[in-house]
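Right, one structure below, let's go through it.
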Amino acid sequence: MIQRNDPCWCGSGKKYKKCHENFDRKLTALKLRGKQVPPHRLIKNEEDLKWIREAGKINTAVLDLVGEKIHAGMTTDEIDQLVYNYTIEHGATPAPLGYEGYPKSCCTSINDQICHGIPDDTVLKEGDIVNVDCTTIYHGHYADASRMYCIGEVASNAKKLVDVTKECLEAGIAAVQPWGNVGDIGAAIQTIAHDNGYSVVTDFCGHGVGNGFHEDPYIHHVGRKGTGMVLAPGMVFTIEPMINEGVPSLFIDADNDWTSYTDDGKLSAQWEKTLLVTEDGVEIITG
Ligand code: MF3
Ligand code: CO
Ligand code: CO
């Protein structure tokens, strides 16, 4: 049993009574009311957050750079080179490279590819919509984000899907509140997707992130308000809705075992950010 004058379990170096004692009281009360509460290992301390924020800055700069350079006629391998070089030059590491055998530094998912497109000699062409997903490791800490890029003029349905998917992410972020629930996020996202006649991919989720690449909890992109794990200050996770024009079902490329495609060949879009739950709201870790 931790004593009030003991050092806090979070690793801050402060006394428990001056750090997470009240936090634990809240968790205990919520638990007694039948809520699922986060384990202490999911609560980041200021030292973790310092490096996670730095990883977030590099990650944001990488996605900005991709936005400046991406154009019709470019290969997805060239995007990967940009991501790799910028990340390394800034003292960071691209998390995907070598992760569970993944061969490249980012994911580039085009049109009906939902996620985990692997950069190769594919040439981007006018009208494509492309997701570039980068995860940056800095000083052992992670930040994960992705954006959609439109190549030249894209069809109006493609543009709308890209814009509504961004709205879904923003609504998910706006639903994050300290002492709220994971289900609040999915509820907000699915409302916007369904109101626009789109479907939400449920085979992939957002996730805790920061001290590792994929941590608990899963952040579902569908859900019911007031359900799921409690969101406590100090939790860091991604929201990364994948929204389809047609059916939500998918298949995985049998050759590379990574890339997922919509079952019906219709378009899919995704935006992702890393977020921190704060005492009074949410802090966006990646731009
Ligand atoms: N960045 C992806 C995510 O948002 C994960 C990619 S795994 C990789 O969770 F190995 F393909 F990089
Ligand atoms: Co992610
Ligand atoms: Co990602």
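A short reminder: the numbers here are calculations on the coordinates, not readings from a lab. Just so it is clear, the model here is predicted, and its values are computed rather than measured. Backbone-built Cβ (ideal geometry, glycine too); neighbour counts: all protein chains shown.
Please determine, in degrees from 0 to 90 and to the nearest 10, the orientation of helix 21-32 with respect to the longest principal axis defined by the Cα atoms of the chain, where the helix direction is its Cα long axis. Its long axis makes an angle of about 80 degrees. Projecting the Cα atoms of GLN3, ALA155, ILE52 onto the dipole axis of the chain, where Lys and Arg carry +1 and Asp and Glu carry -1 at the beta carbon, places GLN3 farthest toward the positive end.
For q values of 0.09, 0.11, 0.16 Å⁻¹, compute log₁₀ I(q)/I(0) with the Debye formula on a Cα-only model of the chain, without solvent. For the chain, the Cα-only Debye profile gives -0.43, -0.64, -1.23. Taking one quarter of the surface of the convex hull spanned by the alpha-carbon atoms of segment 4-127 gives a direction-averaged projected area of 11.5 nm².
Normalised by residue number, the volume inside the convex hull of the Cα atoms of segment 171-242 is 72 Å³ per residue. Charging the Cβ of each Asp and Glu at -1 and of each Lys and Arg at +1, and nothing else, the dipole of segment 1-156 about its Cα centre rounds to 1780 debye. Only DSSP H runs of four or more residues enter the estimate; each adds -39500 (n - 2.57), and after division by the residues of the chain the mean residue ellipticity at 222 nm equals -9500 deg cm²/dmol.
For the chain, the longest principal axis of the Cα atoms and the long axis of helix 182-195 meet at an angle of about 30 degrees.
Per-residue packing, averaged as other Cβ atoms within 10 Å, sorts the ranges 116-127, 66-77 into the order 116-127, 66-77, beginning with the highest. Structural descriptor for segment 38-284: relative contact order 22 percent, calculated from alpha carbon pairs under 8 angstrom and at least 6 residues apart. Relative to one another, the C-alpha centroids of segment 165-197 and segment 71-104 are positioned 30 Å apart. A simple rule links phi to the HN-Hα coupling: the Karplus curve 6.51 cos²θ - 1.76 cosθ + 1.60 with θ = phi - 60°, which for segment 55-72 gives 4, x, 5, 5, 4, 5, 5, 5, 5, 4, 4, 4, x, 6, 9, 5, 7, 4 Hz, with x for Gly and Pro. Given +1 at the Cβ of Lys and Arg, -1 at the Cβ of Asp and Glu and no other charges, the dipole of segment 1-76 around its Cα centre is 600 debye to the nearest 20.
Taking only Cα atoms, what is the 0 to 90° angle, nearest 10, from helix 156-174's long axis to the longest principal axis of the chain? Helix 156-174 sits roughly 10 degrees off the main axis of the chain.
List the pairs from LYS225/LYS266; LYS35/LYS225; LYS50/LYS273 whose alpha-carbon separation is above 21 Å, in the order I gave them. Those over the limit are LYS225/LYS266. Approximating the spin labels as points 7 Å out from Cα along Cα→Cβ, the ALA174-to-ALA72 distance works out to 3.5 nm. Loop-located GluC sites (Glu not before Pro) across segment 138-217 with a Cβ neighbour count of 15 or fewer within 10 Å are GLU153, with loop assigned by DSSP.
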